[in-house]
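Notes to accompany the following structure.
The values are calculated or read from the model by the stated rules, or taken from the named source; none is laboratory data. The structure displayed is predicted, hence computed values, not measured ones. Every residue, glycine among them, receives a Cβ derived from its backbone with ideal geometry; neighbour counts consider all protein chains shown. Protein only, heavy atoms only, side chains kept; ligands, DNA and RNA dropped before computing areas. Shrake-Rupley method; radii C 1.70, N 1.55, O 1.52, S 1.80 Å.
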Amino acid sequence: MGKLIVVGIGPGNYENMTVRADRALASCDVIVGYHVYVDLVKNQYPDKEYLTTPMTKETQRCQMALDAANEGKTVAMVCSGDSGIYGMAALIYELRGESTQPEIEVVPGLTAACSGGALLGAPLTHDFAVISLSDRLTSWEKIESRLDAAAKSDLSMVLYNPSSHGRPDHLRRACEILLRTLPEDRPCGVAQLIGREGENYALTTLGQLKDTKVDMFSTVFIGNEMTKVIGNNLVTPRGYRNV
């Protein structure tokens, strides 16, 4: 019987992939994934068999990986960032159900909150919330409730999937919700194309953020009341200097 390894490949460049992820991809027979993520690893592992599906075909993609593993192959399902944080690990377990075959191994990866935070400076040194603005699988009412709760709890926030062609105004709507509680001058940052060609970041404020152009390759950071800009970096102290 084969094995299915769910691999978080990090932000996209080889330097930010873990040693464990590299070993998993080097040792597998088949690499399965969303075609954009597969393209990030093809040059590094050219001798593998590749299977891809487009966006919104997650169930088909995971079943394809399980089927290949049940044929006796060692299969790697690649996920951008981490394999469990908005990744495919949970769906793989759901589809396998109570069966013990094929064997599943989950390999973690560097999620955008970590890699984007490092690009900006140190915005997540204290408690924080990660919230996706995509309402494809979660209702906007629930997203709004989570944004409101995070703001009232004074959590730093990381917003994934802030905009797309189908929902170009979601970041603006999110900012309007947050501005009910938070001040307009709250420091924020946007990291784009993390670990890929064209990587960049910008610092802004919550008031300006709602009119900032972002896309699916952007990760948005919103500070808490302690967050400050030091030089050209976004920093959230935890209070070590006060101890």
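The figures follow:
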quantity	calculated
Conditions (1) surrounded by fewer than 13 Cβ atoms within 10 Å (Cβ to Cβ); (2) at positive phi: number failed by Lys142	(2)
Pairs with Cβ under 9 Å, 6+ apart, first in segment 198-227 and farther than 13 Å from Leu179 by Cα and without any contact (Cβ under 8 Å) to a residue 40 or more places away in the chain, second open to solvent by 60 Å² or more (accessible area, probe 1.4 Å) and of a type in the set (A, V, I, L, M, F, W, C)	Gly198/Phe217
Criterion (modelled with pLDDT of 95 or more and crowded, with 16+ Cβ neighbours inside 10 Å) met by exactly one of Tyr86, Tyr93	Tyr86
Any hit, segment 201-210, residues being aromatic (Phe, Trp, Tyr) and touching a Lys or Arg at 6+ places or on another chain (Cβ under 9 Å)	no
Conditions (1) open to solvent by less than 40 Å² (accessible area, probe 1.4 Å); (2) assigned to a helix (DSSP H, G or I); number of the one not met by Gly33	(2)
Test: Gly207 is surrounded by fewer than 18 Cβ atoms within 10 Å (Cβ to Cβ), closer than 14 Å to Glu184 by Cα, small (Gly, Ala, Ser) and modelled with pLDDT of 95 or more	yes
Pairs, first under 10 Å from Thr125 (Cα atoms) in segment 230-243, second exposed (fewer than 10 other Cβ atoms within 10 Å of the Cβ) and at pLDDT below 95, C-beta under 9 Å, six or more apart	none
Near pairs, Cβ below 7 angstrom, 6+ apart or cross-chain, from segment 5-31 (touching a residue at least 40 places away in the same chain (Cβ under 8 Å) and on the phi < 0 side of the Ramachandran plot) to any residue that is among the charged types (D, E, K, R) and outside any loop (DSSP other than H, G, I, E, B)	Ile5/Glu105; Asp29/Glu49; Val30/Glu49
Qualifying residue in segment 39-56 (condition: of a type in the set (Ser, Thr, Tyr), surrounded by fewer than 16 Cβ atoms within 10 Å (Cβ to Cβ) and assigned to a helix (DSSP H, G or I))	no
Selection within segment 1-30 - acidic (Asp, Glu) and open to solvent by 60 Å² or more (accessible area, probe 1.4 Å)	Glu15, Asp29
Unique match (being under 24 Å from Leu193 (Cα atoms), without any contact (Cβ under 8 Å) to a residue 40 or more places away in the chain, in a helix (DSSP H, G or I) and not polar (S, T, N, Q)) among Ala118, Ala113	Ala118
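Results for (1) open to solvent by 40 Å² or more (accessible area, probe 1.4 Å); (2) among the basic types (Lys, Arg); (3) touching an Asp or Glu at 6+ places or on another chain (Cβ under 8 Å), shown as yes or no for each residue.
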site	(1), (2), (3)
Glu184	yes, no, no
Gln192	yes, no, yes
Gly198	yes, no, no
Leu203	yes, no, no
Met216	yes, no, no
Glu225	yes, no, yes
Asn233	yes, no, no
Gly239	no, no, no
